[in-house]
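Here's the structure we're looking at; comments come further down.
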């Protein structure tokens, strides 16, 4: 198998139609069809089955698709590393980080970038949203990770990942034994919200969800970050809502329960950067981010 074959295979699978895939790949349909037939022949497997609307992956095709996406992502990273070596991409990347963003999503992305570009020094700065925006404009940082980022003419954003929102309860709370909870179940519970600055924020998001159901949260505390909120839940002060990544915070007497919602209740973590920043380090960072987004299923989301 060649990288080109895998790219064509993935494009057909994504489109579900060989004709549309051929248009995207800027080649004619017959040679694309023959190429996939040759791939199936080489593997001794049927990868596609025809439908009324086009084609669908067989079980073997689905297995190959999962691996092909990873291989293409690794190939893109390898190409980027080679180019960065040729271009001498070295230096420093200053990044703004915030509360619950340190638990999983942002570190995974930064680990990927550090592996791809070991000659770039990553410096992290703990900042709230307003501080990140100011630091971007003053060019003290190149990237900021945050949630619920308002629109600015001079700043662009990209979604890094989407997380489910869960409820943290002390294990002594009878509601902790439920598999799923509604906002009506929680309306009388003392709620610990976070953060207490940089609007709009996660606290506003949770309050807005209560209001969607015609309810008002029983706010007991508003604290600075997820770790503090979860610590207070562990001490029996109330309940808290948190992005799923925050559940990595170890607390043996805190149980996390799903929220009922269709579609599921989620919140994004995004990165932001200056629109006119043309630095090569930022360029390769955003390229690595695009590969990461593809892996977590956000390739089409801006």
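Quick one: if the Förster radius is 22 Å, what FRET efficiency do residue 184 and residue 220 give, using the C-beta to C-beta distance and rounding to 0.05? Could the numbers behind the result be given before it?
Working: r = 18 Å, r/R0 = 0.83.
Using R0 = 22 Å, I get an efficiency of 0.75.
If I take the Cα coordinates of region 100-218 and project them onto the principal axes, what are the three extents in Å, biggest first?
52, 31, 19
At residue 108 and residue 260, where each label point lies 7 Å from the Cα along Cα→Cβ, what is the point-to-point distance in nanometres?
2.9
Among the DSSP beta bridges whose two residues both lie in the chain, what percent are antiparallel, rounded to the nearest 5?
Working: 25 of 42 bridges.
DSSP beta bridges in the chain are roughly 60 percent antiparallel.
Among 271, 240, what is the fewest-to-most ranking by other Cβ atoms within 10 Å?
Working: 271 23, 240 29.
Ascending Cβ contact count within 10 Å gives the list 271, 240.
Taking R0 as 25 Å, what FRET efficiency do you get between residue 275 and residue 25 from their Cβ-Cβ distance, rounded to the nearest 0.05? Numbers along the way, then the final one.
Details: r = 31 Å, r/R0 = 1.22.
Efficiency computed from Cβ-Cβ geometry: 0.25.
Over the Cα atoms, compute the radius of gyration (one decimal) and Dmax (the largest Cα-Cα distance, rounded to a whole number) for the chain, in Å.
Using the Cα atoms of the chain, the pair Rg, Dmax is 23.0, 67 Å.
Given a Förster distance of 35 angstrom, what is the FRET efficiency for residue 197 paired with residue 90, based on the Cβ-Cβ distance and rounded to 0.05? Numbers along the way, then the final one.
Working: r = 36 Å, r/R0 = 1.02.
Computed FRET efficiency for residue 197 and residue 90 comes out at 0.50.
How many nm is it between the label spots at residue 283 and residue 211, if each spot is 7 Å from the Cα in line with the beta carbon?
So the label points at residue 283 and residue 211 sit 4.4 nm apart.
In 10 Å bins starting at zero, report the fraction of Cα pairs in region 3-85 per bin as a rounded %.
18, 48, 26, 7, 1
When DSSP beta bridges are limited to those with both residues in region 19-133, what percentage is antiparallel, rounded to the nearest 5?
Numbers: 3 of 10 bridges.
Taking every DSSP beta bridge with both residues in region 19-133, the antiparallel ones total about 30 percent.
What distance in nm separates the two pseudo spin-label positions at residue 70 and residue 152, each 7 Å out from Cα along the beta-carbon direction?
About 3.8 nm separates the two model spin labels.
Can you put 152, 8 in order of Cβ neighbours within 10 angstrom, beginning with the fewest?
Values: 152 14, 8 22.
Fewest-to-most Cβ neighbours within 10 Å comes out as 152, 8.
For region 162-266, what D do you get in µm² per second when you plug the Kirkwood radius from alpha-carbon pairs into Stokes-Einstein at 25 °C and 0.890 mPa s?
Numbers: Rh = 13.5 Å.
Estimated via Stokes-Einstein, D reaches 182 µm²/s.
Arranged by the count of other C-beta atoms within 10 angstrom, fewest first, what order do 94, 225 take? Mind showing how you got there, number by number?
Working: 94 17, 225 20.
Starting with the residue having the fewest Cβ neighbours, the order is 94, 225.
Just so you know, all these numbers are worked out from the coordinates, no wet-lab data involved. Because the structure is a prediction, the values reported are computed rather than measured. Every residue, glycine among them, receives a Cβ derived from its backbone with ideal geometry; neighbour counts consider all protein chains shown.
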